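Taking it in order: structure first as C-alpha cells, then the write-up.
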Amino acid sequence: MKTFNKILCIAGLSTLGFTTVHADLLSDAAKLDVKQACDVKANGIEAVLATAAKYNAEAVKLGVEFKRLGVTNSNYIKTTTEAAKAKQKEVVLKYKKKGKVKTHKMATDYAAWRSCSFAIRALQQQVEAESTWKLAVPGDGFKY
Amino acid sequence: MLLKVVKISALVAISACTLNAGSFDTQAEKDRQALVKYMEAKFSNPEKNKSFFPYSTEDELKRVIKKGVKAADLAKGSYAYDSIGREQYDDINEMPPYEDAIDEGEVLYGKKFANGKTFKECFPKTDIAGDYPYFDNKKKEVVTLTQAINDCLVANGEKKWNIKKGNMAKLEAYFSHQSKEAGKKVAIKIDSKEAAQAYENGKKAYYTQRGYLKLSCATCHVQGTGKRVRKEYMSPLLGHTTHFPVFRLKWGNLGTLERRLEGCNKDEGENPHKGSSKWAKEVLYFMSYMSNGLGIDGPDIRK
C-alpha cells in the first residue's frame with residue numbers, strides 16, 4: 001500500500017512538474033527579500049537585471065506586470081540593460097503619451113533596483129492576494 | 001423493488017440536476033445583495049456613520065453628502081450622493097453633449113455593409129444594453145456588447161472598430177438609449193458552471209491588489225466609495241455599468257466602459273489589460289452582475 005502510494009505520488013508529481021513552472025517562480029519570488037535580491041552594490045548590476053528579467057517575464061505571463069508613469073517594467077529592464085552594457089551612469093526611459101514621445105531620466109543603478117523590485121513585488125503581491133482578496137468582499141471577509 | 005430504487009434514484013438525480021441548473025448564480029446573488037446592503041448602510045446617514053468617511057469634514061458630511069441613498073440611485077455614480085457634483089451634472093445635462101452621438105449611432109445601425117447587410121442581422125433588437133456581457137456556453141467565454149459588435153463586423157467582411165471610442169461608442173450609445181427608453185434593466189445571467197467560474201475570476205480580479213500602488217478596484221469603488229480624491233468623490237461598483245458609454249469632459253468625447261476600465265487599471269500602476277482580453281471581459285461580467293436589476297441609464301456624462 002505504501003509503495004503504491006509512493007508510485008502514485010511520484011507519477012502525480014512528475015506530471016505536476018510540467019504544469020507548475022508558474023507556481024515555482026511564484027513561490028520562489030514569495031520567499032525573496034527584495035532589498036537583498038535587488039541590491040545593486042551587493043550583487044552587481046548584471047545580476048540584479050537578470051533577476052528582474054527572470055521574474056518580470058512571469059509577471060507579464062500572469063498579466064500583473066507593473067507600469068509606472070507610462071513606462072512598463074519590460075521597458076525599464078530593456079533600457080537599463082542597454083545602459084548598463086554601455087556603462088552609462090544615467091538611463092533615459094522613453095514612453096508615449098497622447099502620441100508624443102516623452103522621457104524620464106534616472107541613475108542606471110536606481111533603474112536596475114526599481115525594475116528588479118517591481119518584478120518581484122508583482123509576483124509577491126499575487127501570492128499575498130490569494131489570502132487577502134476575500135477580506136475586501138462584503139458578505140465574505142469584509143466586516144464593517 | 002429494484003425498479004423502484006432505480007426510479008427513485010433517477011428522480012433524485014434529475015431533480016438534483018435541475019436544482020443545480022437554477023443555482024449557478026447563488027453565490028453571485030449573495031455577493032450582489034451584500035454589496036447593496038453595504039452601500040445602503042454607508043449612505044443611510046453619513047453624518048452619523050463617520051467611520052465610513054474617515055477623510056471627510058463634519059461640514060462635508062452635513063452639507064455635501066446626501067443621506068438615505070438607495071441602490072437604484074447609484075446608477076448615477078457619485079452624483080447620487082455628491083450634491084455639489086450633482087448640480088454641475090444637472091447643468092451640463094440640460095444640453096447633453098452626447099445627443100448627436102445617439103443619432104449617429106442610429107445611422108450606423110441602419111447603414112449597409114459592403115455586402116449589403118446591416119447590423120440588424122446580428123442585432124434584431126436594439127434595447128439590448130442590459131443583456132451584455134453574457135456567457136457563451138458554446139464558445140466558453142464571456143461576450144461583451146463591444147465584442148459582439150466587432151464579431152458582427154468581421155462576420156460581414158468589415159474591419160473591426162476601435163473598442164474605446166468613435167463608432168463603437170456611438171453605436172453603444174444608441175443601444176443604451178433605446179434600452180433606457182424601453183425601461184430595460186441590467187439582466188446578467190449565470191447559467192452554467194463555466195459561467196459561474198468566469199464570474200468568480202472577475203470577482204477575484206476586482207478585489208485583488210495590483211500594480212506598484214498595490215490598489216484593487218475595490219479599494220476605490222467598494223471601500224473607497226464616497227471618499228474624496230482631490231475634488232472628486234469616488235463612485236460605487238454598484239451601478240458602474242448602467243450608463244455607458246459616457247461623455248467625459250476630460251476626454252472631450254464619448255468613451256466605452258472598456259476605455260474607463262483600462263484607464264483605472266493603469267492608474268493602479270499595472271500595465272493595463274486590453275479591454276478585449278479575457279481578464280477584462282471577466283471583470284466586466286462580474287461588475288455587470290453586481291448592477292443586476294438597476295435600470296439602464298446611458299449614455300451619460302462624467303467629469
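Tabulated values for the structure
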item	result
B:K193 vs. criteria more than 9 Å from chain A (Cβ to nearest Cβ) and more than 18 Å from B:L237 (Cα to Cα)	yes
Filter pass, A:V91 being over 21 Å from B:L213 (Cβ atoms) and crowded, with 22+ Cβ neighbours inside 10 Å	yes
Matching residues, segment B:237-279, being polar (S, T, N, Q) and either more than 15 Å from the chain's Cα centre (by Cα) or within 14 Å of chain A (Cβ to nearest Cβ) (or both)	B:N253, B:N265, B:N271, B:S276, B:S277
Meets criteria (surrounded by 14 or more Cβ atoms within 10 Å (Cβ to Cβ), assigned to a helix (DSSP H, G or I), of a type outside the set (A, V, I, L, M) and modelled with pLDDT under 90) for B:E60	yes
Meets criteria (more than 13 Å from chain A (Cβ to nearest Cβ) and of a type in the set (K, R)) for B:R210	no
Selection count, segment B:213-231, where residues are of a type outside the set (A, V, I, L, M), out of contact with any strand residue (DSSP E or B) (no Cβ under 8 Å at 6 or more places or on another chain) and within 9 Å of chain A (Cβ to nearest Cβ)	2
Exclusive hit being in a loop (DSSP other than H, G, I, E, B) and at pLDDT below 95, set B:P96, B:P124	B:P96
Residue among B:I190, B:I163 that is under 30 Å from B:G252 (Cβ atoms), within 18 Å of the chain's Cα centre (by Cα) and buried (at least 18 other Cβ atoms within 10 Å of the Cβ)	B:I163
Any hit, segment B:151-158, residues being surrounded by 15 or more Cβ atoms within 10 Å (Cβ to Cβ) and not in a helix (DSSP H, G or I)	yes
Condition met for B:S9 (more than 24 Å from the chain's Cα centre (by Cα), in a helix (DSSP H, G or I), at pLDDT below 50 and not hydrophobic (A, V, I, L, M, F, W, C))	no
Qualifying position, being modelled with pLDDT under 95, away from chain B (no Cβ under 14 Å) and either surrounded by 14 or more Cβ atoms within 10 Å (Cβ to Cβ) or closer than 21 Å to A:Q124 by Cα (or both), among A:V40, A:V21	A:V21
Any chance A:G99 is surrounded by fewer than 14 Cβ atoms within 10 Å (Cβ to Cβ) and more than 21 Å from A:L49 (Cα to Cα)	yes
Hey, B:Y285 over 28 Å from B:I92 (Cβ atoms) and in contact with a Gly (Cβ under 8 Å, 6 or more places away or on another chain) or not	yes
Candidate set from segment A:61-88 (those that are surrounded by fewer than 19 Cβ atoms within 10 Å (Cβ to Cβ) and among the hydrophobic types (A, V, I, L, M, F, W, C)); member that is nearest to A:R121 (Cα to Cα)	A:L62
Pairs with Cβ under 7 Å, 6+ apart, first in segment B:203-232 and hydroxyl-bearing (S, T, Y), second in a strand (DSSP E or B)	B:Y212/A:F66; B:Y212/A:R68; B:S216/B:R210
Hits in segment B:89-137 (condition: over 17 Å from B:P299 (Cβ atoms), in contact (Cβ under 8 Å) with a residue 24 or more places away in the chain and among the hydroxyl-bearing types (S, T, Y))	B:Y134
Residues being closer than 19 Å to B:G202 by Cβ and either more than 8 Å from chain B (Cβ to nearest Cβ) or of a type in the set (A, V, I, L, M, F, W, C) (or both) - total across segment A:112-125	0
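The values are calculated or read from the model by the stated rules, or taken from the named source; none is laboratory data. Please read these numbers as outputs of a predicted model, since none were measured by experiment. Cβ sites come from the backbone with ideal geometry, for glycine too, and all protein chains shown count toward neighbours.
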